[in-house]
């Protein structure tokens, strides 16, 4: 096997700075393109989907968001093949171009009001193209940096790629908030929302200019000169049960776990503030953005820590702490973001009693049962509830704090909720209390840094150079695509069906529990390993 001609311990500061900056900026821009959709999911649901209900439109927008992740494994196989066969540099030039064009396309799409069902279908196609592009981007950037890095600084070098993912999310929040503030609410709803998508054209131009300055990875160049480049990387990566088992273990033990932690820190926290706690959208985005800004530090810190302490120990510690702390941190946010609503839910719980009490958030008009209609009304208001089954034929009823309410008159239900302290109008907490929300987000970001910061170096070290791009990308993007990409949809669907704003957190907790078992039992430590 060919080896890099460079001394793995030698540090070329000028070269390394260019490699890290070029790869990181490109990653920021590409993830910006992907995340700006998630940041605007509530608005996109209203613009591109039938107005059957706000909940259904929002869930459909999140499902379309998940589609972008769902096709990432296809992009991983396609661009992984090209990256192992043609080179790291040119492959991620193609991926960033595809991402930029697809994102700009979303900014040019007519809405549902203009072209009907063609609007969500075209949106779905563009999200799929974004997913294909992202399926090739992450592996290329991570491998390119790792194959330039000294052996004992590989975690630190690649941690900038990991922090760049947060950078992309942060940039999307900054552009959305600044555009919305500058153009005003009326213009924002009419056309201003398109600006963040079209902004990707400028980002694409900058990314291409920077990445064209790069040379090929020394590891791939050495393989190419020795004639050892894989002829069919996908087939070679899957040609034995031992290799397939390694891919499955990486998918379940690394990719799935770190992704749900990260998405809980960003999107699930944002939707929790916006929907369950009724915080103003801009305020929620601002709080998440500030927390994410501070959290970027954790990714770099724990990438460096993993060079000293080990990748596996750092990630397992992050997983365990996540399972222990995530519920208390979300309850902390709940007590601060809308304390009156949180207090009302605790002291005056809403209990719905009825027979066959089923709620379908995707129902076009009425629910299957009268009790379902009642649940739909409460869900639309953002009211948490508990269901109690009743004998067949029993009329549905509601108690608030143990007091029965007349549900035949919507006005009386609203009055009873207000009297019980349910503050359902959008609110913004004062900064004197809001800083606690930021602290909670920063702490969740710390847990994400422990699990995500070492991941790029760990994934690169787990696979051989001949099929590294393919072998890394496929399990990473299956794990992140299906476990992470659909996390917002699954968690919000759980909340919608159960009426419990905290119930959606059980999904990431269960995934992280699974990941802890797989990484502990089936994956080795790799810190300090020489790259072939």
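Which is modelled with pLDDT of 90 or more, in the same structural domain as residue 134 (by TED's automatic domain parsing), over 14 Å from residue 322 (Cβ atoms) and crowded, with 20+ Cβ neighbours inside 10 Å, of 486, 463?
One residue alone meets the criteria, 463.
Residues of the stretch 272-288 that are surrounded by fewer than 23 Cβ atoms within 10 Å (Cβ to Cβ) and part of a helix (DSSP H, G or I): 275, 281, 282, 283, 285, 286.
Here the condition is being at pLDDT 85 or above and under 18 Å from residue 141 (Cα atoms); of 242, 237, 255, it holds for 255 alone. The residue list 264, 314 contains one member that is in the same structural domain as residue 457 (by TED's automatic domain parsing), more than 30 Å from residue 499 (Cα to Cα) and buried (at least 22 other Cβ atoms within 10 Å of the Cβ), which is 314.
Here residue 325 clears all of (1) surrounded by fewer than 21 Cβ atoms within 10 Å (Cβ to Cβ); (2) part of a helix (DSSP H, G or I); (3) over 20 Å from the mean Cα position of the chain (by Cα) except the condition numbered (3).
Here is a yes/no grid of residues against (1) modelled with pLDDT of 90 or more; (2) within 21 Å of residue 276 (Cβ to Cβ); (3) not assigned by TED's automatic domain parsing to the domain that holds residue 437:
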| residue | (1), (2), (3) |
| --- | --- |
| 325 | yes, yes, no |
| 334 | no, yes, no |
| 346 | no, yes, yes |
| 351 | yes, yes, yes |
| 362 | no, yes, yes |
| 368 | no, no, yes |
| 372 | no, yes, yes |
| 387 | no, yes, yes |
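Candidates in the stretch 366-395 are the residues that are in a loop (DSSP other than H, G, I, E, B) and within 38 Å of the chain's Cα centre (by Cα); of these, the one that is surrounded by the most Cβ atoms within 10 Å (Cβ to Cβ) is 383. Among all positions in the stretch 301-316, there is no residue which is over 18 Å from the mean Cα position of the chain (by Cα), modelled with pLDDT under 90, under 29 Å from residue 515 (Cβ atoms) and part of a helix (DSSP H, G or I). Checking 491, 471 one by one, the residue that is assigned by TED's automatic domain parsing to the domain that holds residue 295, touching a helix residue (DSSP H, G or I) at 6+ places or on another chain (Cβ under 7 Å) and either surrounded by fewer than 19 Cβ atoms within 10 Å (Cβ to Cβ) or under 14 Å from residue 250 (Cβ atoms) (or both) is 471 and no other. Scanning the stretch 396-421 for residues that are in a strand (DSSP E or B) and touching a helix residue (DSSP H, G or I) at 6+ places or on another chain (Cβ under 8 Å) yields 398, 400, 403, 405. Pairing residues of the stretch 124-152 that are in contact (Cβ under 8 Å) with a residue 60 or more places away in the chain and not assigned by TED's automatic domain parsing to the domain that holds residue 473 with residues that are buried (at least 24 other Cβ atoms within 10 Å of the Cβ) and in a helix (DSSP H, G or I), at Cβ distances under 6 Å and at least 6 apart in sequence or on separate chains, gives no pairs at all.
Taking the conditions exactly as written (on the phi < 0 side of the Ramachandran plot and surrounded by fewer than 24 Cβ atoms within 10 Å (Cβ to Cβ)), does residue 304 satisfy them or not?
yes
The values are calculated or read from the model by the stated rules, or taken from the named source; none is laboratory data. Everything numeric here is computed off the predicted structure, so don't read it as measured data. In this analysis, Cβ positions are derived from the backbone assuming ideal geometry, glycine residues included, and neighbour counts consider all displayed protein chains.
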